[in-house]
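The structure under discussion appears below in the form of structure tokens.
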Amino acid sequence: MVSDEFMAAAMEYKPDYTGLSFPEPPASRPYVVVNMVSSLDGRVTIEGTERGIGSPVDQRLMRELRVHADIVLNGAGTLRASGSSSRLGDAALERLRVDRGRTPAPIAAVLSASGDLPLERLFFTGRDFEAVVYLAESAPSERRAAIEATGRRVFVLPPADDLPWALRHMREQLGARLLLVEGGPTLNGQLFDGGFVDEFFLTLGPVVVSGRDVLAAVVSEREPSLEATTHLEIVSAVPNPVTNEIYTRYRVLREG
């Protein structure tokens, strides 16, 4: 249990993510921002969830980033493991969005190949935010019907162009200018491999998880290579001597 005194002291050292600015998005997709928390040895889960790595201050920064987002995207594995929504969880943050001409919460979105999703989760039951599902064409029709029965819109992905198609759809049909991606690692890997990520926010938690077969922040099926490495430049790094975290922001370097 975190005391009020601890939180008050820790909040003194946090950056203000509500006042950030971002470049204009490309014409064919939103500006893509990935946000993750990681242990010092690069792990993002303990016993299957991120709990125990980041502090309540990191969770606050996640919600501050949502102030800027038009859509908050998760992979199906993250939804199954931890649940997800696009709520800000703070009336002052919601007012910031409304004052900027936005809805109180971004659209929540999930990508799923199978349609095997926990329909009892807040993502499907909450009615104070909009949510959409991007579903693979190969998913069973009965699962698609069950998802649609929750009232959430379903968009079927073409098999050969799934992720690029989803990004174009978000930009052109949903009007998204900034997409905030909150995991999981496989989705992050697909976005990095496709060259779609523009910025990477990473909180470094003061723990070492160790162990075998523990997920890193970005996971890909491809073999690592120098040619395929993504290079980034640091925008900011803010240490917090109370939580012992470091809040970093990186921007992907583009050729030319």
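Positive contributions from Lys and Arg (+1) and negative ones from Asp and Glu (-1), summed over other residues with Cβ under 14 Å from the Cβ of VAL238, come out at -2. Only protein atoms count toward the accessible area here, which uses a 1.4 Å probe; on the chain, the carbon and sulfur part of that area reaches 51 percent. Under a 5 Å amide H cut-off, with hydrogens placed 1.01 Å from N, VAL156 pairs with LEU135 among residues at least 5 apart or on other chains.
Determine the gain in length on full extension of the stretch ARG51-SER225; use 0.36 nm per residue of separation and subtract their C-alpha separation, reporting nm with one decimal.
That works out to 59.5 nm of additional length.
Beyond 17 Å, what percent of the Cα pairs of region 27-80 remain?
48 percent
Evaluated over the Cα positions of region 1-103, the convex hull gives a direction-averaged projected area, one quarter of its surface, of 8.6 nm². Legend: calculated FRET efficiency, ALA27 to ALA146, from the Cβ-Cβ distance at R0 = 51 Å, rounded to 0.05, equals 0.90. Using the empirical formula 2.2 N^0.38 Å as the baseline, the Cα radius of gyration of region 68-188 reaches a ratio of 1.03.
With the alpha-carbon atoms as the only input, what is the per residue convex hull volume for region 181-230 in Å³? Write down the numbers at each step before the final one.
Details: hull volume 5.4 nm³, N = 50.
Roughly 108 Å³ of hull volume per residue.
The gain in end-to-end length when the ALA113 to TYR13 segment is fully stretched comes to 31.9 nm, 0.36 nm per residue minus the alpha carbon separation.
In region 221-248, which residues have a backbone nitrogen under 16 Å from the label point lying 7 Å from GLU255's Cα in the Cα-to-Cβ direction? Once the point is set 7 Å along Cα→Cβ of GLU255, 225-232 turn out to lie under 16 Å by backbone N, inside region 221-248.
Radius of gyration over Kirkwood radius for region 106-256, both on Cα atoms: the Rg/Rh ratio is 1.00.
Which residues in region 44-75 place their backbone N less than 13 Å from a point set 7 Å from the Cα of PHE6 along the Cα-to-Cβ direction? Answer for region 44-75: 52-58.
Here VAL242 sits with roughly 40 square angstrom of accessible surface, probe radius 1.4 Å.
Quick one: if the Förster radius is 51 Å, what FRET efficiency do VAL156 and ASP41 give, using the C-beta to C-beta distance and rounding to 0.05?
Working: r = 39 Å, r/R0 = 0.77.
Efficiency at R0 = 51 Å is approximately 0.85.
I'd like to check one number: the per residue accessible area of the chain, probe 1.4 Å, reported in Å² as a whole number. On a per-residue basis, 50 Å². Dividing the summed helix terms, -39500 (n - 2.57) for each DSSP H run of n ≥ 4, by the number of residues in the chain produces a 222 nm estimate of -7000 deg cm²/dmol to the nearest 500. For THR125, the accessible surface of its heavy atoms amounts to roughly 80 Å² (probe 1.4 Å, protein chains only, rounded to the nearest 10). Each 5 Å bin from zero holds the following percent of Cα-Cα pairs in the chain: 1, 6, 13, 17, 20, 18, 14, 8, 3, 1, 0.
The values are calculated or read from the model by the stated rules, or taken from the named source; none is laboratory data. If you're wondering where the values come from, they're calculated on a predicted model, not measured in any experiment. Note that we place each Cβ from the backbone using ideal geometry, even for glycine, and neighbour counts take in every protein chain shown. Keep in mind that these areas ignore ligands, DNA and RNA; they rest on the heavy atoms of the full protein, side chains included. Shrake-Rupley method; radii C 1.70, N 1.55, O 1.52, S 1.80 Å.
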